[in-house]
Amino acid sequence: MTERPLAKARYSWMAWAFVLLCAVATSATAADGDASVRRALQQATSRSAPTQVDARAVEALSFRRDPAVSARVQQETIRAFGRNPQQVADLEKVIGSGKMLREFDRILRRYGYDPTNLSDVLAAHLLISWEVANDRDSRQSPAGQRAVRRQLIGPLAAVPEIAAMTNADKQAQAERTAYLTMVSALTYQSLKRSGDRQALDALSANVRQGLLGNGVDLQRLALGDGGLVAR
């Protein structure tokens with residue numbers, strides 16, 4: 001989960017970001033409604049992570065960052081979340097400046113993930129969503145954190161629609177997912193500090209609902225050395 005420099009920031013957009021997050025909880029990935037993606041996620045979480053991953057699968061889901069794509073996704077995200085000039089200005093500071101994406105990258109590297117691999121980004125989204133939905137800290141299981149990425153790489157690389165994505169498509173999807181994940185994480189941290197149990201429960205329910213759309217019930221998964229698997 002996010003650590004102090006960014007997590008302690010008191011952004012004025014936090015409250016309405018929570019409302020928007022609830023509204024788009026079922027939009028974590030571009031292919032959320034695709035049956036093959038649902039099957040891949042269900043397959044990934046139905047068994048422990050393999051000890052190794054296929055290098056070809058890793059390569060198929062990797063991408064090179066194009067600054068033009070990053071700039072486009074930044075502006076799309078700011079327009080989606082900004083509801084007035086002050087909110088837009090606040091978002092420019094943390095999204096337009098690149099600060100939020102840099103923090104996301106730092107979190108992934110701490111997990112042992114690659115922020116330029118779509119599967120690793122989606123694995124981080126799944127892991128952080130599990131934290132929020134269960135009010136847990138995955139840092140208690142470093143081996144489990146590392147295992148989640150191994151769970152997802154093979155099944156996702158086998159989805160034809162994902163394997164066929166262009167470099168720009170993979171980057172754009174990864175960065176959209178990164179922003180959604182960070183809003184969820186930062187909202188969670190803010191509500192934890194404020195002790196707002198009612199809002200935390202609502203956030204947990206909405207994050208859980210978002211993954212239920214993919215056939216994954218975060219509250220029925222436990223994090224262990226094999227990753228996120230059914231209790």
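From the phi angles alone, apply the Karplus equation (6.51, -1.76, 1.60; θ = phi - 60°) to the range 214-231 and give each ³J(HN,Hα) in whole Hz, x where the residue is Gly or Pro.
In residue order, the calculated couplings are 9, x, 10, 9, 4, 7, 9, 10, 10, 9, x, 4, x, x, 9, 10, 4, 4 Hz.
Over all directions, what mean area does the Cα convex hull of the range 97-226 project, stated in square nanometres? Walk me through the intermediate numbers first.
On the way: hull surface 32.7 nm².
Seen from a random direction, the Cα hull of the range 97-226 projects 8.2 nm² on average.
Where in the chain are the helices, taken as whole DSSP H runs, whose Cα atoms extend 20 angstrom or more along the long axis and whose Kyte-Doolittle mean reaches at least -0.5? Working shown, then result.
Details: long enough: 67-81 (21 Å, -0.10); 118-134 (24 Å, 1.02); 142-157 (24 Å, -0.17); 167-194 (40 Å, -0.66); 197-212 (22 Å, 0.04).
For the chain, where a helix must reach 20 Å along its axis and average at least -0.5, the hits are 67-81, 118-134, 142-157, 197-212.
Given the range 87-136, report the % of alpha carbon pairs whose separation exceeds 16 Å. Mind dumping the intermediate values first?
Working: 613 of 1225 pairs.
Above the 16 Å cut-off, the range 87-136 has 50 percent of its Cα pairs.
Using Cα centres only, tell me the gap between the range 40-93 and the range 194-210 in whole Å.
A separation of 22 Å, based on Cα centres.
FRET efficiency for Ser48 and Asp217, Cβ-Cβ distance as r, R0 = 22 Å, nearest 0.05?
Details: r = 18 Å, r/R0 = 0.80.
Efficiency at R0 = 22 Å is approximately 0.80.
Before rounding to the nearest 500, sum -39500 (n - 2.57) across all DSSP H runs of length at least 4 in the chain and divide by the residue total; then give [θ] at 222 nm in deg cm²/dmol. Write out the running numbers ahead of the final one.
Working: 12 runs with 148 residues, N = 231.
Only helices count here, giving -20000 deg cm²/dmol.
List every residue whose amide H lies under 5 Å from the amide H of Gly224, counting only residues 5 or more places away in sequence or on a different chain, with H placed 1.01 Å from N in the peptide plane.
Counting only residues 5 or more places away or on other chains, the set is Val229.
Give, in whole angstrom and from largest to smallest, the semi-axes √(5λ) of the equivalent ellipsoid of the range 28-147, with λ running over the eigenvalues of the Cα gyration tensor. Kindly include the intermediate steps, with their values, before the conclusion.
Details: eigenvalues 157, 60, 49 Å².
Semi-axes, largest first: 28, 17, 16 Å.
Run the numbers for Ala80 and Asp66: contour at 0.36 nm per residue of separation, minus the present Cα-Cα distance, in nm. List each step's numbers first, then the result.
Values: separation 14, 0.36 × 14 = 5.04 nm, distance 2.13 nm.
Stretched fully, the Ala80-Asp66 segment lengthens by 2.9 nm.
A short reminder: the numbers here are calculations on the coordinates, not readings from a lab. The structure displayed is predicted, hence computed values, not measured ones. All Cβ positions, even for glycine, are placed from backbone atoms using ideal geometry, and neighbour counts span all protein chains on display.
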